[in-house]
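Scroll down for the structure; my scribbles are underneath it.
No lab work stands behind these numbers, since they all come straight from the coordinates. Please read these numbers as outputs of a predicted model, since none were measured by experiment. Every residue, glycine as well, gets a Cβ built from its backbone with ideal geometry; the counts of neighbours run over all protein chains shown.
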Amino acid sequence: MSNNFGIYIHIPFCVKKCSYCDFISFSNRDNLIEKYIEALKNEIERFDFSKYIVTTIYIGGGTPSYLNAKYIIEILTLLRNKLVNNKITWKDLEITIEMNPGTVSKEKLKNYKMLGINRLSIGLQSTSNRLLKEIGRIHTYKDFLDTYNIAKEVGFDNINVDLMIALPNQSIKDIKESLEKIIFLNPNHISVYSLIVEEETLISKWLTEGKVTLPSDEEERRMYWYVKNFLELSRI
Ligand SMILES: C[S@@+](CC[C@H](N)C(=O)[O-])C[C@H]1O[C@@H](n2cnc3c(N)ncnc32)[C@H](O)[C@@H]1O
Ligand code: SF4
């Protein structure tokens, strides 16, 4: 049996909760950040990594890039020390951090690079500012572009971009526009998620109150096949 091991570190803090999201993440709880990081470091300190071959580290959220870089430095420095005897050297690990446009600076990205982070996952969802506003994102498409371009400038060459389909008021035309614009940027990976309406999210409440409508199941499937064909053809 393989003892390959991926480490996932969860950062449950966001600037603002998006209307569709039920991931464990909180806004307006910044007073807990310090305590949370201390608890996380204690857990890492106590964990016995010696039985495992660590192959990847993924810092997700929430919005890890919302944190002051000093916390990411503390966590990764501790992990690096704990993994000195790991069969895969630190520089050969895949180390990813999730980022939200509007929470990243060149300084933070330089720190990430210096720490050995070699993969970025940027949540965009759509290139339409109208849709971004409707789903409660804190950023515009331009903010995403700035983040993406700074990341390239700092030297990141492994970038994933998250997009979403089947959002309220989203058309195939909106999806086409998002795909065209993102493919043009040539990221290494594009993840496309179909909206899941989770209980107790704002979107679920709006649906119950009749304030928004979703694409029908047939439309959602059309969007899915559209994305699949579009991405497959763009690889040729
Ligand atoms: C864990 S989230 C964190 C990423 C980062 N905080 C951000 O939003 O930019 C990762 C991705 O999951 C997707 N996602 C979150 N909630 C979803 C939902 N209810 N239905 C479908 N996709 C969802 C979004 O595309 C999001 O970028
Ligand atoms: S989608 Fe990302 S930024 Fe929005 S609330 Fe969820 S974790 Fe936070």
Notebook entry, point to check: Dipole of the chain (Lys/Arg Cβ +1, Asp/Glu Cβ -1, origin at the Cα centre): which of ILE196, ILE57, VAL84 lies farthest to the positive side?
Noted result: VAL84
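Please tell me which of these pairs span more than 25 angstrom C-alpha to C-alpha: LYS41/LYS110; LYS51/LYS91; LYS17/LYS110; LYS106/LYS173; LYS108/LYS205?
Numbers: LYS41/LYS110 22 Å; LYS51/LYS91 20 Å; LYS17/LYS110 27 Å; LYS106/LYS173 33 Å; LYS108/LYS205 36 Å.
Cα-Cα > 25 Å for LYS17/LYS110; LYS106/LYS173; LYS108/LYS205; rest within.
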Item checked: Label-zone membership for region 200-232, site ILE172, 7 angstrom Cα→C-beta point, backbone N under 16 Å -> 215-232
Checklist line | Cα centre as origin, Lys/Arg/Asp/Glu Cβ charges: region 71-182 dipole, Debye | finding: 180
Next item on the list: Could you please report the charge total around LEU179, scoring K, R as +1 and D, E as -1 over all other residues with beta-carbon less than 12 angstrom from its beta-carbon?
Entry: 0
Margin query: At a 10 Å Cβ-Cβ cut-off, how would you order MET99, MET223, fewest neighbours first?
Written below: MET223, MET99
Checklist line | Residue among MET114, ILE135, SER178 farthest towards the positive dipole end of the chain, charges placed on Cβ | finding: MET114
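What size of dipole, in debye to the nearest 20, comes out for the chain about its Cα centre when the only charges are +1 on Lys and Arg C-beta atoms and -1 on Asp and Glu C-beta atoms? Intermediate results must be reported in sequence, preceding the final value.
Working: 31 positive and 30 negative charges, 127 e Å.
The calculation lands at about 620 debye.
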Item checked: Leading residue at positive end of dipole, the chain (Cβ point charges), from VAL212, ILE72, ILE33 -> ILE72
Next item on the list: Please compute the net charge surrounding GLY116, taking Lys and Arg as +1 and Asp and Glu as -1 over other residues with Cβ under 11 Å from its Cβ.
Entry: +2
Checklist line | Label zone at TRP225, where the point sits 7 Å out along the Cα-to-Cβ direction: region 165-193 residues whose backbone N lies under 15 Å | finding: 172
Check: Can you give the convex hull volume of the alpha carbon atoms of region 4-234 per residue, in Å³?
Finding: 136
Margin query: Test of the criteria: in region 174-224, which GluC sites (Glu not before Pro) are in a DSSP loop and have at most 13 other Cβ atoms within 10 angstrom of their Cβ?
Written below: GLU198, GLU199, GLU200, GLU209
Margin query: Below 15 angstrom from the Cβ of ASP162, what's the summed charge of the other residues (Lys, Arg +1; Asp, Glu -1)?
Written below: +1
Notebook entry, point to check: What is the gain in length, in nm to one decimal, between ASN28 and ILE196 on full extension, counting 0.36 nm per residue of separation less the C-alpha to C-alpha distance?
Noted result: 58.0 nm
